[in-house]
Structure formats: C-alpha cells, structure tokens
Amino acid sequence: MSPGLDLTAGAISGIATALVGMAGPPVLIYLLLGGASPRAVRATLLSFFALSYAATLVTHLLTIGIPAATWLAAGILIPFAFLGGFVGRPLGDRLGAKAFAMLATALLTIAGLYTLAAAAVDLAARTE
Amino acid sequence: MELSHWAGLAATTFVAALLQAAGGFGFAVLAAPLFLLFVDPPRAIQLVIIVTTALSTVVLPGLRRAIAPDLLVRLAVGSLAGLPLGLIAFRHTDPVPVRVAVGVIILASLCFWACPGAVAGAERRRRSG
C-alpha cells in the first residue's frame, strides 16, 4: 500500500460507484491485498461509507429530493438497522482473521455474482 | 404496503446491517436487490442511502481508533476524482459489458487474494508450459 495506490483505489471505487452503484468491493479488495488487519479494514470501510453515503444523501436532497413516504419508511427501518448494528459490531470485534477472511470472501462473491446476474437480467430484458 | 412487505424490509435491514457491522461492508450488496422485491427502484436506492448513513452513526464510534485518517482521506479524495469519470463512462458505455467486466474483476481479484496457491500454481504451469 502507498499514497498513490490509496488514491487509485479510491478513484476506482468512485468509478465503480457511478457505473454499478458499488463503492465497497474495490476498497475492500485493495485493503485485503495490502494485508490490512480485519479491524482496520472494517473501520476504514465503515468510515469511507459514512462519508460517501452522507455525501450521496445530501446530493439526493439537493437535486431529486426525497419523498416524505421514503423518510417515513426509513424511519421505520432504521431501528432494525441499529439492532443489526448492535448485534454485528461485537461479532465483528470477535472475528478472527480466518473468520473475517471467510466473511469477506462470501460478501465479495455475492457482490461479483450479483453484478453478473444484473448484467444477465439487463441482457434478457433487451432480447425480449 | 402490505404487512408482509414491511416484514421483508425489516428482516432484510436487520441482516444486512448485521453483516455490514461485522464485516465493514455488505449492506447495499444484500439490501439493494432484496428491497427491490418490496418497493420501486428509486425508493429502494434512497432507503439504502438513508439507512446506511444512519447505521454508520452507531457502528463507527467503537471503531474510531482503528481508522487510519490519512488513508481514509486519500480514498475519499480518489473516490471524488473517480466519480465524474465514472459518470462520463456511464453515459457513453453499454452497461451490460461494463457490469460483466466489473463482476469478473471482483471474482478474479477475490480468487487472487483468497487462493494464492491456485494463482501461484497457474503461474508455474504457465512458465513451465
């Protein structure tokens, strides 16, 4: 890992966000290949998401707007997210390097397969 | 919206938040496609954005010491620079091959990281062949 590579990984993440709506995989892969510790990977990813999603939220508010019904639905769902967060955080703290690697592998596999499936759905819709 | 839809949204939110809090990543990957089963795409995307932002407020405080500020700033600056490039590419490229390429890159990078033995073996075979 180096400052130049950090910037490049961030740039690839920005490009991926615009192209396929996924900011996480490029940064996660970069941190894993760089040998960062599981705790550092989690903390860096979560803070990176906090910044990028907060910026996206402001952009939506200022441009297309967010309907009251969506705020209401979010208000109903946020307590469930907090509950998941409170359960998941100590689990993450206790994850060993091997278990963390398995979780990261599973999440990246889902992300990769989901992206391919979305492409297949797009293609099928075109050929109909 | 039906009660069963709300139950589906709530269960998806809980599991996706648990994954994100434990692993640092995964809320959008899991929630976005499942939310689409219950609400229309614009609302699904905005729900993911709002709920992820809210989730950060409860998950981040305990991890503050593990954050590398310089690394975070460089990633954020790089991302800001990459975003307009991606938007330009989005306008001028076909999304299907782009998605296929991104999916393949994610899986190939994963293999490179998770199966170094397999990669080294392939490299040895390539050199000897």
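The values are calculated or read from the model by the stated rules, or taken from the named source; none is laboratory data. Predicted model only: the values in this text are computed from it and were never measured. Ideal geometry is used to build each Cβ from the backbone, glycine not excepted, and the neighbour counts take in all protein chains shown.
General observations
- Test: residue in region B:82-102 that is within 17 Å of the chain's Cα centre (by Cα) and among the charged types (D, E, K, R): yes
- Residue satisfying all of: in region B:2-32; of a type in the set (S, T, N, Q) and more than 8 Å from chain A (Cβ to nearest Cβ); farthest from A:L116 (Cα to Cα) among these: B:S4
- Residue check for A:A119: within 16 Å of B:A54 (Cβ to Cβ), modelled with pLDDT of 80 or more, part of a helix (DSSP H, G or I) and small (G, A, S): no
- Checklist (1) within 7 Å of chain A (Cβ to nearest Cβ); (2) touching a residue at least 12 places away in the same chain (Cβ under 8 Å); (3) farther than 25 Å from A:G112 by Cα applied to B:I67, failing item: (2)
- Hits in region A:73-123 - residues which are touching a residue at least 60 places away in the same chain (Cβ under 8 Å) and under 22 Å from A:A50 (Cβ atoms): A:F100, A:A104, A:L107, A:L108, A:A111
- Meets criteria (at pLDDT 85 or above and of a type outside the set (K, R)) for A:P38: no
- Criterion violated by A:Y53 - all others in (1) within 19 Å of A:L107 (Cβ to Cβ); (2) of a type outside the set (A, V, I, L, M, F, W, C); (3) over 13 Å from the mean Cα position of the chain (by Cα) satisfied: (3)
- Of all residues making up region B:30-50, the number that are closer than 19 Å to A:L91 by Cβ and modelled with pLDDT of 85 or more: 1
- Lone unmet requirement of (1) more than 7 Å from every other protein chain (Cβ to nearest Cβ); (2) in a helix (DSSP H, G or I); (3) touching a Gly at 6+ places or on another chain (Cβ under 9 Å) for A:L7: (1)
- Residue tally, condition within 7 Å of another protein chain (Cβ to nearest Cβ), free of Cβ contacts under 8 Å to residues at least 40 places away in the same chain and either part of a helix (DSSP H, G or I) or of a type outside the set (A, V, I, L, M, F, W, C) (or both), over region A:22-72: 19
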